[in-house]
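> Shown below is the structure under consideration.
Every read-out reported here was derived from the displayed coordinates using simple, explicitly stated rules and does not represent laboratory data. What you see is a predicted model; the values in this text were computed from it and never measured. Reconstructed Cβ throughout: ideal geometry from the backbone, glycine too, with neighbour counts over all protein chains shown.
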Amino acid sequence: MARIQFFDTTLRDGEQSPGCSLSTPEKLQVAGQLARLGVDVIEAGFPAASPGDADAVVQIARTVEGPVVAGLARATRRDIETCAASVREAARGRIHVFLATSPIHMERKLQKTPAQVLQAIREHVAIAAGTGCEVEFSAEDAGRSDPYFLIDAYSVAAAAGATVLNVPDTVGYLMPDEYGALIRLLVDRVERPGQAIFSVHTHDDLGLAVANSLAGIAAGATQVECTVNGIGERAGNAALEEIVMALHVRAARWGHETGILTTELYRTSRLVSALTGSQVQPNKAIVGANAFSHEAGIHQDGILKGRETYEIMDAGLVGRQGENLVLGKHSGRAALRKALADLGYQLADEGIDRVFAEFKLLADRKKQILGADLAALVETGLAAPDEEAYSLEGFQVVGGTTVRPTATVRIRTNGVVREEAAVGDGPVEAAYRAVGRATGVPARLDDYSIRSVTPDADAQGEVQVRLGFGERSFVGRSVSTDIIEASVRAYLNALNRAVSQGVVAAPVSATVAA
């Protein structure tokens with residue numbers, strides 16, 4: 001069986017989604033989980049883009065074991081040298097060099113002739129190979145490039161030392177039959193000293209990213225570049241979990257194997273969603289809330305008689321076997337640890353202590369705590385910065401049909417509590433205005449959403465907000481059976497993330513309000 005390598009670019013292409021900015025500690029969490037998932041390559045970032053990006057790549061290369069650690073580089077000496085320095089501590093480091101090859105990119109963006117582009121590929125792939133790192137070459141916008149020019153471009157790259165030749169459909173333009181034919185042509189015609197492998201990288205502008213990636217694999221590519229939950233610029237990238245399960249469920253048809261541990265897919269999806277704030281739609285294949293749900297009577301009847309009547313895979317196969325567990329206020333620490341393990345969470349003692357304390361508080365408000373409740377508690381903690389500049393001490397809201405909503409909040413910062421009140425058109429707006437006064441930080445509310453974590457009447461509300469600070473925005477998330485409390489804590493979570501990344505100045509000493 002041919003082995004398909006998975007190149008995960010969640011931390012590079014995925015993070016380019018608007019509002020998906022991750023701190024270095026958050027990137028390390030994701031990278032560690034990707035290693036547990038079993039991806040072959042982690043594209044950890046674009047080191048030349050910023051010092052923060054370079055540092056994240058360095059930290060991942062230094063600490064994450066197993067996958068190849070790759071960094072992206074334009075076809076410039078500075079980018080390549082910066083990338084090489086960033087991945088040098090990895091057991092296997094890779095430099096991913098890219099240069100555009102489509103007529104529109106060469107003429108308008110690069111302002112180079114095809115001959116000049118070939119020379120630039122030859123020169124800069126050789127520079128990258130000279131660092132001792134593995135080298136991958138991507139012809140940006142290959143989907144709109146002249147196929148016969150691509151044959152020359154990839155032949156030049158392979159001769160200069162590239163061992164992976166990536167074919168990006170950068171703007172999601174091609175149909176599956178067109179993309180498959182392109183990959184087949186390149187596999188057959190490109191001169192590859194040392195037999196460099198072909199890789200596919202597809203975007204979802206027309207909803208065809210996964211179909212195109214599979215067409216590329218069918219045509220001979222043995223590496224697939226994708227992201228968790230399909231996040232990425234514009235409409236996103238090919239979804240890793242969908243490609244993995246297509247190859248797994250239809251293994252007899254494909255005849256390929258992967259190194260992916262499928263039972264880690266759901267946990268990986270939840271972690272990425274929690275940290276990036278990019279929510280998974282309920283009908284999303286494999287990891288969506290409704291992926292294994294059945295409401296139609298005919299379907300329910302069939303499922304009761306045999307799950308295989310309407311399910312082509314078992315929920316446990318993708319790590320969802322713990323969703324139906326139930327705990328109560330009398331459940332102890334050992335039961336909680338077992339429940340978290342069933343959900344796929346292996347927490348250190350301090351993590352168990354934090355979740356147990358929150359679990360007990362929740363148990364006083366809810367009769368039954370479900371797996372989704374526990375997952376929400378864990379993921380809210382994972383999304384919180386290590387140190388909080390601002391924390392909620394308490395709040396009070398007054399409102400009604402004849403009273404304009406008024407909110408009072410008490411916010412702790414630097415060991416001092418400041419109390420402020422404000423009015424608004426609704427209780428959440430009033431609370432947010434009060435928080436703004438208490439912190440003294442102007443923020444723009446770009447998005448606000450709330451959903452029920454579970455279907456029961458005493459369910460927790462999960463609130464997600466996106467706060468804007470100039471050109472940057474940060475996502476905050478919190479859960480509570482009180483939606484006003486969840487709203488305020490989500491706001492503070494986003495604000496604290498902005499402080500932790502240096503976008504908002506750390507608070508100075510405050511005075512105690514009377």
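> Bins of 10 Å, beginning at zero and ending with the bin holding the largest distance: percent of Cα pairs per bin for the range 322-382, please.
Answer for the range 322-382: a P(r) of 24, 66, 10 percent.
> Give me, ordered by chain and number, the residues 5 or more places off residue 454 or on other chains with an amide H under 5 Å from its own placed amide H.
Under 5 Å from the amide H of residue 454 lie the amide H atoms of 460, each far enough along the sequence or on another chain.
> Checking a compactness column here: for the chain, what do you get for Rg(Cα) / (2.2 N^0.38 Å), N being the number of residues?
Taking the Cα Rg and dividing by 2.2 N^0.38 Å, one obtains 1.05.
> Here is a follow-up. Normalising by the residue count of the chain, find the relative contact order in percent from Cα pairs under 8 Å and 6+ residues apart.
Reported as a whole number, the value is 11 percent.
> Taking each pair of different alpha-carbon atoms in the range 2-276 once, compute 1/r for the pair, average those values, and report the inverse of that mean as the Kirkwood hydrodynamic radius in Å to one decimal.
Computed over the range 2-276, the radius equals 18.2 Å.
> So, one more: Excluding same-chain residues fewer than 8 positions from residue 109, which aspartates and glutamates have a Cα within less than 15 Å of its Cα?
140, 141
> Give me, ordered by chain and number, the residues 5 or more places off residue 481 or on other chains with an amide H under 5 Å from its own placed amide H.
Under 5 Å from the amide H of residue 481 lie the amide H atoms of 461, each far enough along the sequence or on another chain.
> Give a residue-ordered list of calculated ³J(HN,Hα) values for the range 132-137 (Karplus: 6.51 cos²θ - 1.76 cosθ + 1.60, θ = phi - 60°; whole Hz; x for Gly, Pro).
Values per residue, Gly and Pro as x: x, 7, 5, 10, 10, 10 Hz.
> Only Cα pairs under 8 Å and at least 6 apart count here; give the relative contact order of the range 1-58 as a rounded whole percent.
Reported relative contact order: 41 percent.
> Once the piece of chain linking residue 361 and residue 177 is laid out straight, how much longer is it, given 0.36 nm per residue of separation minus the C-alpha distance between them?
60.7 nm
> Normalise the Debye intensity by I(0) for the range 1-48, one equal point scatterer per Cα, no solvent, then take log10 at q = 0.13 Å⁻¹ and round to two decimals.
Result of the Debye calculation: -0.31.
> How big is the range 22-107 on each of its three principal axes, counting only the C-alpha atoms and giving the largest first in Å?
Computed over the range 22-107, the largest-to-smallest principal extents equal 43, 24, 24 Å.
> How would you rank 456, 204, going from fewest to most other Cβ atoms within 10 Å of each one's own Cβ?
456, 204
> What span do the alpha-carbon atoms of the range 382-514 cover on each of the three principal axes, reported in whole Å from largest to smallest?
Cα extents, longest axis first: 40, 35, 26 Å.
> Neighbour counts of other C-beta atoms within 10 Å: give me 40, 373 arranged from fewest to most.
Taking fewest neighbouring Cβ atoms as first place, the list is 40, 373.
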